[in-house]
Ligand code: OSB
Ligand code: MG
């Protein structure tokens, strides 16, 4: 497919409920969307960078800059046969993985349409449905958190993950376990602890958690290995895994027993799949993380989650948990047994609500070949 034009666009969408992690609270998302135009096909990608550089160094604005000045020009006018062509063409740019991921995923999205294949099939997936969990942010009070958990369990979600930080951890986990001793429960610290907290983290073992996600520094796996040898709870790395090399090194070093794969964090589907296979060969289960995506990123996450080693419930959940109205049709819904159907239609399997996208757009730039 010849890349004729690339459109960058920023949309603004308020969250149904604020989302708070150890690094801050978000009420409204600013989201960068990428559209690749070529030979009558439109491929869409969503950049998962946040409004601020708090989860990683990237933000909406750094991604826009990288996409406008460097990454889009590297693809414009090129004759590309597949989404997997993108990483090689973008390799000269260091970092900016979320920006690259948006572009590469748009290309896979276009490729699936052009080949009239469902995206998940193009990626090599084989699941008909994916298992879903939810990530629940820090609330104003533990009571509010318990109410939220009750609602999500009633909706059928298979695993509850709560955000933790010093001061909002063992106290809330204690209360959760008192109410629900047997549910699949995990926690995510987004790097809120240090090696001074080892004995505190060790005390989480009593909660029988499925995992503790990224307890230490965002760029570390050396000390996570040291921590993993001192606690029974499985460590899951999120921020710390940037690529398949990291995954291999982290596994070899014993830094984690589980990996969270986010397609944007690692720079696109090609790298996400590599990580999936590295983990599979080492018997390390993976699951698909979320970044408060609109339906576009969400549909891509569903496709990725259909691969064989995504054996744990992910953070990919229903559109209505995030948005009053999602920008895809139909929106993503979850069955009472906590699963999402993998769509059988070609491409991403969800149509773009173009009118709604246009109404939400706050800036837009089309780059021509
Ligand atoms: O660490 O997984 C994370 C959201 C924003 C940034 C980082 C994370 C998250 C989530 C939310 O946990 C997952 C979701 O529901 O999309
Ligand atoms: Mg995380």
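No value in this document is a laboratory result; all are computed from the given coordinates. Only a predicted model underlies this, so the values are computations on that prediction, with no experimental measurement involved. Cβ: placed from backbone, ideal geometry, glycine included. Neighbour counts: every protein chain shown.
In plain terms, the residue of 96, 143, 17 with the fewest other Cβ atoms within 10 Å comes first and the most crowded comes last, giving 143, 17, 96.
What's the center-to-center distance, using Cα atoms, between segment 202-237 and segment 93-164 in Å? Value for the Cα centre distance between the two parts: 22 Å. For the chain, the 222 nm mean residue ellipticity estimated from helices alone, with every DSSP H stretch of n ≥ 4 adding -39500 (n - 2.57) and the total spread over all residues, rounds to -9000 deg cm²/dmol. When each of 356, 173 is scored by the number of other beta-carbon atoms lying within 10 Å, the sequence from fewest to most is 356, 173.
Starting from the Cα of residue 365, step 7 Å toward the Cβ, then list every residue of segment 25-55 with an amide N under 18 Å from that point. Taking a point 7 Å out along Cα→Cβ of residue 365, the residues of segment 25-55 whose backbone N falls under 18 Å are 30-37, 45-52. Between residue 219 and residue 94, the modelled label-to-label distance comes to 1.1 nm, taking each label 7 Å out from Cα in the direction of the beta carbon. On C-alpha positions alone, give me the angle between the axis of helix 142-155 and the longest principal axis of the chain, in degrees, nearest 10. Value to nearest ten degrees: 60.
Given the options 24, 77, 40, state which has the largest fluctuation in a GNM of the chain using a 10 Å cut-off (strictly under) for Cα springs. Residue with maximal mean-square fluctuation among 24, 77, 40: 40. Estimated from the Cβ-Cβ distance and a Förster radius of 22 angstrom, the FRET efficiency linking residue 116 and residue 81 is about 0.90. The listed peptides 266-273, 200-207, 315-322, ordered by packing as a protection proxy, come out as 266-273, 315-322, 200-207 (highest mean of other Cβ atoms within 10 Å first). The label-point distance for residue 229 and residue 141, in a model that sets each label 7 Å from Cα toward Cβ, rounds to 4.5 nm. Nearest 0.05, what FRET efficiency do residue 15 and residue 325 give at R0 = 22 Å with Cβ-Cβ as r? Working from the Cβ atoms, E equals 0.95.
Between residue 253 and residue 27, take the C-beta separation as r, use R0 = 45 Å, and let me know the FRET efficiency to the nearest 0.05. Efficiency at R0 = 45 Å is approximately 0.70. Here the residues 299, 84, ranked from fewest to most Cβ neighbours within 10 Å of their Cβ, fall in the order 84, 299. Normalised by the number of residues in the chain, the mean separation of alpha-carbon contacts (under 8 Å, six or more apart) gives a relative contact order of 22 percent.
Given the convex hull over the Cα atoms of segment 275-348, what projected area results after averaging over all orientations, in nm²? With every direction weighted equally, the projected area is 5.3 nm².
Considering only the Cα atoms of segment 121-341, their convex hull presents on average a projected area of 11.5 nm². Which residue, 249, 279, 112, tops the fluctuation ranking in a GNM of the chain built on C-alpha contacts under 10 Å? Highest fluctuation of the listed residues: 249. Seen against the Cα atoms of the chain and their longest principal axis, helix 244-253 is set at about 20 degrees.
For the chain, take the longest principal axis of its alpha carbons; what is the angle in degrees between that and the long axis of helix 269-281, to the nearest 10 within 0 to 90? That works out to roughly 40 degrees. GNM on the chain, alpha-carbon springs under 10 angstrom: the most fluctuating residue among 79, 147, 20 is 147. Mean projected area of the convex hull spanned by the Cα atoms of segment 95-203, taken over all viewing directions: 10.5 nm². Taking each residue as 0.36 nm, the span from residue 178 to residue 61 lengthens on full extension beyond its C-alpha to C-alpha distance by 37.8 nm. Dividing the radius of gyration of the alpha carbons in the chain by their Kirkwood radius gives 0.95 for Rg/Rh. Multiplying the residue separation of residue 277 and residue 52 by 0.36 nm and removing their Cα-Cα distance gives an extension gain of 77.9 nm.
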